[in-house]
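I have placed the structure first, in the form of structure tokens, so that the comments after it can refer back to it.
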Amino acid sequence: VTSTVGTSFRRTSWAPFDADEVRDLYDDYALALDAGDYAAWLALFVPDASYTVISRENVERGLPLAVIRCESRGMMADRVDALESTQFYARRFTRHMISALCPVAHEAGTLETTANFVVAETIIDEATQLAWAGRYADRIVRVDDRLQFIEKTAVYDSAMVPTSLIVPL
Amino acid sequence: VVMQTIWPNLIVQQQSNTIAMRQLVARSVDEFELHWTYFGYADDDAEMRLRRLRQANLMGPAGLVSIDDSEVMRLAQLGARAGHDRDAILEMGGAGVEDTDHIVTESAIRAFYQYYREVMGL
């Protein structure tokens, strides 16, 4: 992650992956989260996928502490369960904007990608705020006839979180 | 869970095997930052280190057990400043700072600010 989070820039070929198909995976990711369809969100990951949300500050300092650290889709499902049934929070809407999608490496049949994200959050009765900006460093694999994330790390640029991170980045 | 509040702005906590400090940093009359510092021990083995990192999912701004607290306090703050030309007062359990044998009271909050004002010369 460290090498893909900073100012470094590299690009490799999409092949054997298809750029449009990878783009669709990211669009589905944004659509699922912004629709609150967490089952669809989980379905974009393989069962042993990892999902991490970590500050840029910690990545740059080599510190492993993440605000969300899921080492499997099961741990992600636990978070979804908490979101949907136990946690209290003000109703809100998010818009995930994902751009500058770039293939950076191929390894053992997986494709490493980076992408920028901006997440606008609108809490009910409040003005929309640009809550998060950062970069994904991901690994994608083809399972049967579709693409899924086997690894996803969202590195957010600001050390400050606006109160809470409810909807995953 | 063990929580130790050190007046006026430090909280030292243990939740399972995560140990951390929370520092309140006032930015203005209606804004503050909460700085979380997690730590371990120098002689933690890899397994304990991983356990602390995993259990950190419970706490912090996306914490499984801390989101509720942050959100409730944010809403309480919004409620307290609802009247732009009025002061809000927290009167649950009366208006004083006396000790009680229950916790259905905001006495601790009133006492905090009473002493804070005294120390700050307000």
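Quick note: the coordinates plus some simple rules give every number you see, no bench work behind them. Model, not experiment: these values are computed from the prediction. Reconstructed Cβ throughout: ideal geometry from the backbone, glycine too, with neighbour counts over all protein chains shown.
For (1) away from chain B (no Cβ under 14 Å); (2) within 12 Å of the chain's Cα centre (by Cα); (3) not charged (D, E, K, R), each residue gets a yes or a no:
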position: A:LEU25; (1), (2), (3): yes, yes, yes
position: A:LEU31; (1), (2), (3): yes, no, yes
position: A:ALA35; (1), (2), (3): yes, no, yes
position: A:ARG56; (1), (2), (3): yes, no, no
position: A:SER85; (1), (2), (3): no, no, yes
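The residues in segment B:2-29 that are surrounded by 10 or more Cβ atoms within 10 Å (Cβ to Cβ) and not in a strand (DSSP E or B) can be counted, and the count is 4. Residue by residue through segment B:30-40, note down the ones that are surrounded by fewer than 13 Cβ atoms within 10 Å (Cβ to Cβ) and either in contact with a helix residue (DSSP H, G or I) (Cβ under 8 Å, 6 or more places away or on another chain) or on the phi > 0 side of the Ramachandran plot (or both). Answer for segment B:30-40, where residues must be surrounded by fewer than 13 Cβ atoms within 10 Å (Cβ to Cβ) and either in contact with a helix residue (DSSP H, G or I) (Cβ under 8 Å, 6 or more places away or on another chain) or on the phi > 0 side of the Ramachandran plot (or both): just B:ASP30. Within segment A:87-115, the set of residues being charged (D, E, K, R), in contact (Cβ under 8 Å) with a residue 60 or more places away in the chain and either within 18 Å of A:ASP28 (Cβ to Cβ) or within 14 Å of chain B (Cβ to nearest Cβ) (or both) comprises A:ARG92, A:ARG95.
Scanning segment A:63-82 for residues that are within 14 Å of chain B (Cβ to nearest Cβ) and either closer than 15 Å to A:VAL161 by Cβ or in contact with a helix residue (DSSP H, G or I) (Cβ under 7 Å, 6 or more places away or on another chain) (or both) returns A:PRO64, A:LEU65, A:ALA66, A:VAL67, A:ILE68, A:ARG69, A:CYS70, A:MET76, A:ALA77, A:VAL80.
Scanning segment A:133-169 for residues that are free of Cβ contacts under 8 Å to residues at least 60 places away in the same chain and closer than 22 Å to A:ALA40 by Cα returns A:TYR136, A:ASP138, A:ARG139, A:ASP144, A:ASP145, A:ARG146. Taken over segment A:143-169, residues that are touching a Gly at 6+ places or on another chain (Cβ under 7 Å) and over 10 Å from A:TYR51 (Cβ atoms) amount to 3.
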